[in-house]
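Report on one structure; see the data block that follows.
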Amino acid sequence: MDLLGLFTRIDQCWLGQSIRDSSWLFAFIEVFHLVGLTFLLGSVLVVNLRLLGYGYARESVSQVAQDTTPWMVGGMLLAIASGICLFVSEALKCYENPPFFI
């Protein structure tokens, strides 16, 4: 099976059709996707600011990293799960988009 065939089958699955047919489901999933990205990138920002010496000066870098790890992992899992749902709903649109493959 070629890549276009795979993307076509993904686009035609029940989940993708359900998301496309709903007037609010795509937006609802996208909100969760953005929340997940916010948790992930916010946690990374906190650790990076600590590395630069701009926050949590009383705590070690390893302690700050350990404290933010659950937020990073949770944000990443939420972003991946919701991203898969968003991809399934518009797989053919992604296939035609060159930056998607990069």
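The values are calculated or read from the model by the stated rules, or taken from the named source; none is laboratory data. Fair warning: this is a prediction, and the values are worked out from it, not measured in the lab. A quick note on method: Cβ atoms are made from the backbone with ideal geometry, for glycine too, and the neighbour counts reach across all protein chains shown. Keep in mind that these areas ignore ligands, DNA and RNA; they rest on the heavy atoms of the full protein, side chains included. Shrake-Rupley method; radii C 1.70, N 1.55, O 1.52, S 1.80 Å.
Any idea what % of Cα-Cα pairs in the chain are farther than 22 Å? If you can, show how the numbers build up before the last one.
Details: 2439 of 5151 pairs.
Beyond 22 Å sits 47 percent of the P(r) for the chain.
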Open item on the list: Which one, Ile102, Ile80, Tyr56, projects farthest toward the positive side of the charge dipole computed for the chain from Cβ point charges (K/R +1, D/E -1)?
Closed with: Tyr56
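Per residue and in Å³, how big is the convex hull formed by the alpha-carbon atoms of the range 1-45?
Numbers: hull volume 4.1 nm³, N = 45.
Hull volume normalised by residue count: 90 Å³.
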Task: Ranking by accessible area, most exposed first, for Leu40, Leu6, Leu86 with a 1.4 Å probe - done: Leu6, Leu40, Leu86
Open item on the list: Could you compute how much accessible surface Arg50 exposes when probed at 1.4 Å, giving the result in Å² to the nearest 10?
Closed with: 40 Å²
